[in-house]
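The values are calculated or read from the model by the stated rules, or taken from the named source; none is laboratory data. Fair warning: this is a prediction, and the values are worked out from it, not measured in the lab. Note that we place each Cβ from the backbone using ideal geometry, even for glycine, and neighbour counts take in every protein chain shown.
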Amino acid sequence: MKYAVLIYSDETTAAARPDAERIAITGEYMALAQAPEAVAGEQLQPPTTATTVRVADGTVLHTDGPFSTTKEHFAGFYLLDVEDLDAALAFAAKVPAARLGGAVEVRPLVERPS
Amino acid sequence: MATARNRAIDRLRRARTLRDKTELLARETPLAAAPDDEGGWVLDDDASVPDERLELLFTCCHPALASEAQVALTLRTLTGLTTEQIARAFLVPPETMKRRLTRAKSKIRAAGIPFRVPAAEQLSERLAVVLAVIYLVFNEGYGGHDTLATEAVRLGEVLAELLPDEPETGGLLALMLLHHARREARFADGELVLLADQDRTAWDDETIARGRGVLEAAIERGGRGTYVLQAAIASLEIAEHPDWPQIATLYGELERRTGSPVVALNRAAAVAESDGPAAALALVDGLRGELDGYLYLHATRGELLRRLGREADAAAAFGRALELAEREPERRFLRRRLAGG
């Protein structure tokens, strides 16, 4: 089954982290992306780079910033192809954000006949 | 080529079994049947059909499901209770219970919650959830719904039989049996009777002996977990002359393991018997901050204050307990205490 592993990280604690630690954490994220169960894995630029788009009555509205401002922001994702939810949950538990004050959400993808 | 083809067949086969399992979950009659090759149903008493109750238990008690959904699914799938009966036991409208079950079953399907016994490295963590669900059902039953308590004991028996090497399964079963054996004596004319005042001839000696046997076997297997500890306490408490210092020690051990203030309160009750009410009251008063909304804290304080001759303080404590009591037999019991009975 395919799952999206959505990473919500807490930037307030991330900013306070020394460089060496940050590099080690990035290494962990990259290693997870190389894991056999990961089909894809991407990191997003920080929320300050986001632009939110809405269309109201045919008019396009742009807002500087992310769709929602919370302490944890959507920072990246992995796509997994694994046997079942247990395997996806085990992978998610290894994502650094899960233990660093953030959270990791596991969502199954809608399966469509190819 | 051949391997790729085999892999595809394997995949299909796996998908089909998973679908069969979720259909099993959706069935109107519970557990005693399993799907056969033709898509029909065969009864479980045929030895050739693998026992799937353990897989079912772990699926129903999967940590990805909310606690109330775990309880509802376990009861619906592994006991003879209907959705209406479960709804009644948990005081929710049948429609609510039906939705809860439907939602849980569709999450099992859509999220790919597996139908299997967890691997060794996950087993104790996952088993803890199963044990907690069964014990929760038992406690719900202990408050008056006898059917739930009976079903919980049955589930505990199934679990202990299917996972005999996990001492905590025996611990939980022994704990439930030792409490369940006294169910007839807990109420007299619809009124709640404390352990010390219970009619011992109304105790089910056979069930007590079984409970103690199961407990001993669990201890022999090295069981020192929280359910084994609680069962050991339950066994000591119903002795004719309980060994209160030993009971207080076991509660102390349980308190260290669980960090639970409710366990600390129970230890205080044992200390009252071994060291007297003054020592116990000091412990109970230390818990007032954490347990102010807990009826048994105030009921225990009331008992201790009364033993110390502080009638006015005792009445205030029983009054506070009465404010917090929701179940009618408990309310009546506290009113009698308030009246000095």
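Could you grab me the full set of residues in segment B:226-248 that are hydroxyl-bearing (Ser, Thr, Tyr) and in contact with a Lys or Arg (Cβ under 9 Å, 6 or more places away or on another chain)?
Correct list: B:THR226, B:SER235.
Filter segment A:1-38 down to residues that are in contact with a Pro (Cβ under 6 Å, 6 or more places away or on another chain) and of a type in the set (D, E, K, R), then give me how many there are.
The qualifying residues number 1.
With the structure loaded, tell me whether B:LEU172 is part of a helix (DSSP H, G or I), in the same structural domain as B:GLN85 (by TED's automatic domain parsing) and either among the aliphatic types (A, V, I, L, M) or free of Cβ contacts under 8 Å to residues at least 24 places away in the same chain (or both) or whether it fails that test.
No; evaluated as a whole, the condition is false for this residue.
Hey, can you tell me all the residues within segment B:274-297 that are buried (at least 16 other Cβ atoms within 10 Å of the Cβ) and in contact with a Leu (Cβ under 7 Å, 6 or more places away or on another chain)?
Result: B:PRO277, B:ALA280, B:LEU281, B:VAL284, B:LEU287, B:LEU291, B:LEU295, B:TYR296, B:LEU297.
Among the helices (runs of 4 or more DSSP H) lying completely within segment B:71-152, list those that include at least 3 residues that are free of Cβ contacts under 8 Å to residues at least 60 places away in the same chain and of a type in the set (Ser, Thr, Tyr).
B:94-111
Given the conditions (1) farther than 27 Å from B:GLU168 by Cβ; (2) of a type in the set (A, V, I, L, M); (3) assigned to a loop (DSSP other than H, G, I, E, B), which single one is not true for B:ALA239?
(1)
Which of the residues spanning segment A:95-114 are touching a residue at least 12 places away in the same chain (Cβ under 8 Å) and within 14 Å of another protein chain (Cβ to nearest Cβ)?
Scanning segment A:95-114 gives A:VAL104, A:GLU105, A:VAL106, A:ARG107, A:PRO108, A:LEU109, A:GLU111.
Only one residue in B:ALA149, B:ALA174, B:ALA196 is within 21 Å of B:THR300 (Cα to Cα) and either surrounded by 17 or more Cβ atoms within 10 Å (Cβ to Cβ) or among the small types (Gly, Ala, Ser) (or both), so which one is that?
B:ALA196
Name the residues in segment A:64-89 that are among the hydrophobic types (A, V, I, L, M, F, W, C), surrounded by fewer than 18 Cβ atoms within 10 Å (Cβ to Cβ) and within 14 Å of chain B (Cβ to nearest Cβ), would you?
A:ALA87 - this is the single residue of segment A:64-89 that is among the hydrophobic types (A, V, I, L, M, F, W, C), surrounded by fewer than 18 Cβ atoms within 10 Å (Cβ to Cβ) and within 14 Å of chain B (Cβ to nearest Cβ).
Looking only at residues in segment A:1-33 that are closer than 30 Å to A:PRO113 by Cβ and of a type outside the set (Gly, Ala, Ser), which one is surrounded by the fewest Cβ atoms within 10 Å (Cβ to Cβ)?
Selected residue: A:LYS2.
Considering A:ALA40, A:ALA4, A:ALA24, A:ALA35, which residue is part of a helix (DSSP H, G or I) and of a type in the set (A, V, I, L, M)?
Just a single option satisfies the conditions, and that option is A:ALA24.
Looking only at segment B:102-118, count how many residues are closer than 15 Å to A:ALA88 by Cα and either more than 14 Å from chain A (Cβ to nearest Cβ) or aliphatic (A, V, I, L, M) (or both).
4
Just need a number here: residues in segment B:189-220 that are part of a helix (DSSP H, G or I) and either among the aromatic types (Phe, Trp, Tyr) or modelled with pLDDT under 95 (or both).
Within segment B:189-220, residues that are part of a helix (DSSP H, G or I) and either among the aromatic types (Phe, Trp, Tyr) or modelled with pLDDT under 95 (or both) number 6.
Which of the following residues is assigned to a helix (DSSP H, G or I), buried (at least 17 other Cβ atoms within 10 Å of the Cβ) and not small (Gly, Ala, Ser): B:ARG256, B:ARG267?
B:ARG267
Taking B:GLU121 and the conditions (1) within 14 Å of chain A (Cβ to nearest Cβ); (2) in contact with a strand residue (DSSP E or B) (Cβ under 9 Å, 6 or more places away or on another chain), which numbered condition does it fall short on, given that it satisfies the others?
(2)
For the condition out of contact with any Phe, Trp or Tyr (no Cβ under 6 Å at 6 or more places or on another chain), within 19 Å of B:ALA128 (Cβ to Cβ) and in a loop (DSSP other than H, G, I, E, B), what is the one hit in B:GLY223, B:GLY156?
B:GLY223
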